[in-house]
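Student: Pasting a structure here, questions to come.
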Amino acid sequence: MSTRVSGPESPVIESRDELVAYLEAGSKPKSDWRIGTEHEKFGFYQHGHSPVPYAGERGIGALLAGLADRFGWDAINENGKVIGLRRIDCPKGGAISLEPGGQLELSGAPLKTVHETYDELRQHLFEVGEVGAELGIGFLGIGFSPKWTLAETPVMPKERYRIMSRYMPTRGRRGLDMMFRTATVQVNMDFGDEADMVAKMRAGLALQPVATALFANSPFTDGKPNGFQSYRAEMWRDTDPDRTGLLPFVFEKGMGFERYVDHALDVPMYFVYRDERYIDVAGASFRDFLAGKLAALPGVRPTLDDWADHLTTLFPDVRLKRFLEMRGADAGSFAQIWALPALWAGLLYDKEALDGALALTADWTVEERQALRDTVPRLGLKTPFRGRELRDVGRAMVDLALGGLKRRARLDREGEDERKALAPLVETIEEGRSPADRLLADFSGPWRGDIDKVFDTQAL
């Protein structure tokens, strides 16, 4: 989740049209389209496999300080504590932030190719691995905390999370589990204009449950199997319905930047950032804020930074900001992290593949899309769909992406194109086994029911 950084105040918003223009300004020519990969992971102490708190000589705060000192990151501070890192105007750009339960997130730089994503991931894992090893900290890529209870999970010192933690339980039973015990990978994709945004958003929303099934990697809770392929995705089914889900209006006539703005205006706010502090306005209306009628800040009208903040607190399966965020995958191994940007770049950055994805999903009904979202967390690729298994749709999705990447023809130093990154998904389709299936087989087989083996064998 993004971290607010203090700086000059942005202009006050004068009208709804400015909110629409803000989103529309994200439109870019195809030559400027980039791929941004964000991935989260759980830190754990290598001895004992307990979670890592923020404080202490071997805590998350010390880890961030070590990364800043050794690898040239600039610290982001809040109330005297380092709560994130960033790099500006640097080939190894991007940011490192903390999720509520101490999950460490890399928000990668916008990159031209999936090959560059590989290099970025490798560099990041080298850096956190080197500093982490000196503190006795390892990192696990998995969609849901496999061992620790919610009570055992540490809390990071970020004010926005305090506000969210208070509000979340009023809007669903799973919001705190989502915040503190899940980890994901997402990919940020550009669009050319409004029509291209709508096409990509429709394809992304329809196929997001299929991506969830392909990357399902959270079959454990509190040290034992939980009966799900993606328990992370199950958490989202009972987390604040105002700001989550498949956004049926996206598939309706008239969808565009204005329609999304109207939706966002009606999603309750969490906070307003002023004078380097977060003001709790949870449940308030951005429409009222726009009119200067916010009860907590009477007469104050929002800035564009407030609008940007508000957009980050919407959590649909595909989120529109000045780019599109594909948000359906569990955290996983290096290979799985790398496969996700390849999947969406192949599907969305090649016209033939995007047209194929839209054709594949064109006659899916609202009810069918919702049924997939509701069933996939438990059954994954074995979810029944139109007389067959979702695995067959996954095969079509991966084939479209392979074709798109072939036509993109972005070669690495060895002369190979980006299709190599999809190897884990090809294997998953061929074997009919998700990452979760493999973990469960290990748990009942060589691990002999010992959940601690997940830390020993699956660390990044």
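Student: Mind listing which trypsin sites (Lys or Arg not before Pro) in region 305-368 are in a DSSP loop and have 10 or fewer other Cβ atoms within 10 Å?
Tutor: Numbers: sites: ARG319, LYS321, ARG322, ARG327, LYS351; in loops: LYS321, ARG322.
Within region 305-368, no trypsin sites (Lys or Arg not before Pro) qualify (loop, at most 10 other Cβ atoms within 10 Å).
Student: Sticking with this one: Can you list which of the GluC sites (Glu not before Pro) found in region 408-460 are DSSP loop residues with at most 13 other C-beta atoms within 10 Å?
Tutor: Numbers: sites: GLU414, GLU416, GLU418, GLU427, GLU430, GLU431; in loops: GLU414, GLU416.
For GluC sites (Glu not before Pro) across region 408-460 that sit outside H, G, I, E and B with at most 13 neighbouring Cβ atoms in 10 Å, the list reads GLU414, GLU416.
Student: Continuing with this model, one more query. Take HIS115, HIS47 and order them by how many other Cβ atoms sit within 10 Å, fewest up front.
Tutor: Numbers: HIS115 21, HIS47 8.
Lowest count first: HIS47, HIS115.
Student: Can you tell which of VAL210, TRP236, LEU247 lies farthest toward the positive end of the dipole of region 194-247, using +1 and -1 charges on the Cβ of basic and acidic side chains (Lys, Arg; Asp, Glu)?
Tutor: Projecting each Cα onto the dipole axis, the largest value belongs to VAL210.
Student: Can you tell me how much longer the chain between TYR273 and ASP74 gets when fully stretched, taken as 0.36 nm per residue apart minus their C-alpha distance, in nm with one decimal? Could the numbers behind the result be given before it?
Tutor: Details: separation 199, 0.36 × 199 = 71.64 nm, distance 2.11 nm.
Stretched fully, the TYR273-ASP74 segment lengthens by 69.5 nm.
Student: Let me ask something else about it. Over the alpha-carbon set of region 142-244, work out the extent along each principal axis and list the three values in angstrom, largest first.
Tutor: Rounded to whole Å, the extents work out to 46, 32, 21 Å.
Student: Which whole-number value in Å³ per residue fits the convex hull of the alpha carbons of region 117-166?
Tutor: Numbers: hull volume 7.0 nm³, N = 50.
Given the Cα convex hull of region 117-166, per-residue volume reads 140 Å³.
Student: Then there's this: GLU78's amide H: which non-local residues (gap 5+, or another chain) put their own amide H closer than 5 Å, with H modeled 1.01 Å from N in plane and none for Pro or chain starts?
Tutor: Close amide H contacts, sequence-distant or interchain: ILE83.
Student: Right, here's the next one. With n ≥ 4 as the cut-off for DSSP H runs, can you work out [θ] at 222 nm for the chain, using -39500 (n - 2.57) per run divided by the number of residues, rounded to the nearest 500? Intermediate results must be reported in sequence, preceding the final value.
Tutor: Details: 17 runs with 194 residues, N = 460.
For the chain, the value works out to -13000 deg cm²/dmol.
Student: If you don't mind, another one. Taking θ as phi - 60°, what are the ³J(HN,Hα) couplings along region 412-418 by the Karplus curve (6.51, -1.76, 1.60), each to the nearest whole Hz, with x for Gly and Pro?
Tutor: 8, 5, 8, x, 9, 8, 6
Student: OK, next. Using the Cα centre of the chain as the reference point, and only Cβ charges (+1 on K/R, -1 on D/E), how large is the resulting charge dipole? Debye, rounded to the nearest 20. Display every interim value, and only then the final one.
Tutor: Numbers: 60 positive and 70 negative charges, 125 e Å.
Charge dipole of the chain: 600 debye, to the nearest 20.
Student: With all pairs of different alpha carbon atoms counted, what Kirkwood hydrodynamic radius in Å does region 279-380 show? Before the final figure, lay out the partial values.
Tutor: Details: mean 1/r = 0.0579 Å⁻¹.
After inverting the mean inverse Cα-Cα distance, the result is 17.3 Å.
Student: Next up: If R0 is 41 Å, what FRET efficiency do you get for GLU130 and GLU9 from their C-beta distance, rounded to 0.05? Write out the running numbers ahead of the final one.
Tutor: On the way: r = 38 Å, r/R0 = 0.93.
After rounding, the FRET efficiency stands at 0.60.
Student: Can you flag which of LYS112/LYS382; LYS200/LYS382; LYS200/LYS406; LYS382/LYS453; LYS351/LYS420 are past 31 Å Cα-Cα? Display every interim value, and only then the final one.
Tutor: Working: LYS112/LYS382 35 Å; LYS200/LYS382 26 Å; LYS200/LYS406 19 Å; LYS382/LYS453 26 Å; LYS351/LYS420 20 Å.
Table pairs above 31 Å Cα-Cα are LYS112/LYS382.
Student: Working out 0.36 nm times the residue gap between SER31 and ASP266, then minus their Cα-Cα distance, what length gain in nm do you get to one decimal?
Tutor: On the way: separation 235, 0.36 × 235 = 84.60 nm, distance 3.46 nm.
This chain segment gains 81.1 nm when fully extended.
Student: Would you grab the residues whose amide H sits under 5 Å from the one on THR303? Only those 5+ places off in sequence or on another chain, please, with H modelled 1.01 Å from N.
Tutor: Result for THR303 returns ILE13.
Student: Less than 14 Å Cβ to Cβ from LEU402, Lys/Arg counted +1 and Asp/Glu -1: what total charge do the surrounding residues give?
Tutor: Details: positive: ARG395, LYS406, ARG407, ARG408, ARG410, ARG419, LYS420; negative: ASP350, GLU352, ASP399, GLU416, ASP417, GLU418, GLU427, GLU430.
That sum, taken over residues with Cβ under 14 Å, equals -1.
Student: Only four residue types carry charge here, +1 at the Cβ of Lys and Arg and -1 at the Cβ of Asp and Glu. Report the dipole size of region 334-383 about the Cα centre in Debye, rounded to the nearest 20.
Tutor: Values: 5 positive and 7 negative charges, 58 e Å.
About 280 debye.
Student: May I ask you to evaluate 6.51 cos²θ - 1.76 cosθ + 1.60, the Karplus curve with θ = phi - 60°, for each residue of region 335-346 and list the ³J(HN,Hα) values in order in whole Hz, giving x for glycine and proline?
Tutor: The phi angles translate into 5, 5, 4, 5, 5, 5, x, 5, 4, 6, 5, x Hz.
Student: Using θ = phi - 60° and the Karplus curve 6.51 cos²θ - 1.76 cosθ + 1.60, what whole-Hz ³J(HN,Hα) does each residue of region 166-183 get, with Gly and Pro shown as x?
Tutor: Using θ = phi - 60°, the values come out as 6, 7, 3, x, 7, 10, x, 7, 10, x, 5, 4, 4, 5, 9, 10, 10, 8 Hz.
Student: Next question. Seen from all sides and averaged, what is the projected area of the convex hull of the Cα atoms in region 44-175, in nm²?
Tutor: The number I arrive at for region 44-175 is 9.2 nm².
Student: With no solvent and one point on each alpha carbon, what is the Debye value of log10 I(q)/I(0) for region 57-133 at q = 0.11, 0.20 Å⁻¹?
Tutor: Log10 I(q)/I(0), no solvent term: -0.27, -0.87.
Student: Identify the residues of region 133-150 with backbone N under 12 Å of a label point that sits 7 angstrom from the Cα of ALA55 along the Cα-to-Cβ direction, or state none.
Tutor: Under 12 Å, as judged by backbone N against the label point of ALA55, lies no residue of region 133-150.
Student: Another question, if that's okay. Counting residues in the chain as N, plug N into 2.2 N^0.38 Å and put the Cα Rg over that result. All intermediate terms of the calculation are to be shown ahead of the outcome.
Tutor: On the way: Rg = 21.1 Å, N = 460, 2.2 N^0.38 = 22.6 Å.
In units of the 2.2 N^0.38 Å rule of thumb, it is 0.93.
Student: I've got another one for you. Excluding same-chain residues fewer than 8 positions from LYS81, which lysines have a Cα within less than 22 Å of its Cα?
Tutor: Leaving aside lysines fewer than 8 places away in the same chain, those within reach of LYS81 are LYS41, LYS158.
Throughout, read-outs are computed from the coordinates displayed, never taken from laboratory work. On a predicted model such as this, the values are computed, not experimentally measured, just so you know. Note: ideal-geometry Cβ built from the backbone for every residue, glycine included; neighbour counts use all protein chains shown.
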